[in-house]
Amino acid sequence: MRIRIVTFTLNLPADDYIRHATTIAPAFRSWPGLLAKWWLADPTTGTYGGVCVFATGAHADQSRDTAEFRGMYTNPGLMEVNVREYDVLDAPTAITAPIWREAG
C-alpha cells in the first residue's frame, strides 16, 4: 500500500473551498487502486488537504496523471501545495488498521 498526504493553504474562503472539494470528490472514485481519501481541515492554521490510501505504489503513480492531481498545482485558490508519499509497513499496520486488513 501507498499513502499520500497533501497539504496546502487557501487563497479563497474556506466555504468556497469546501464547495469546490464536494464538487470534485466524485471524480476520485474513478482512480484505479484508490482505497480511500480523507479530506482534511485545520481552520486554526489555515491548513487543508487530504490523505489518499492506494492499493499499490503503481496506483499512486498512475493517479499523478489525472486532472484532479495536476489541478492542485494550477488552482489559484491553493497555495503552498505539499505532497508526500510513504510506503506502508505491512506487519504493524496489519495489527492496527482495519482498512489494511480488508484491502490486503
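Every number in this text was worked out from the coordinates using simple rules, so none of it is lab data. The structure presented is a predicted model; accordingly, all values stated were derived computationally and were not measured. Ideal geometry is used to build each Cβ from the backbone, glycine not excepted, and the neighbour counts take in all protein chains shown.
Tell me the label only: which of [x] 46, 29, 23; [y] 41, 29, 21; [z] 30, 29, 25 is Cα extents along the principal axes in Å as calculated from this structure?
It is the one labelled [y].
For segment 23-32, in order, what is each residue's ³J(HN,Hα) by Karplus, 6.51 cos²θ - 1.76 cosθ + 1.60 with θ = phi - 60°, in whole Hz (x at glycine and Pro)?
Residue by residue, segment 23-32 yields 5, 8, 3, x, 4, 5, 5, 8, 6, x Hz.
Cα gyration tensor of segment 50-89, axes a ≥ b ≥ c as square roots of the eigenvalues: rounded (a/c below 1.5), prolate (a/b > b/c) or oblate?
It comes out oblate by the Cα gyration axes.
Just want to confirm a number: the relative contact order over the chain, from Cα pairs under 8 angstrom separated by 6+ residues, in percent.
Relative contact order for the chain comes out at 42 percent.
Would you work out the charge dipole size for the chain about its Cα centre, treating the Cβ of every Lys and Arg as +1 and the Cβ of every Asp and Glu as -1, and quote it to the nearest 20 debye?
Dipole of the chain, to the nearest 20 debye: 160 debye.
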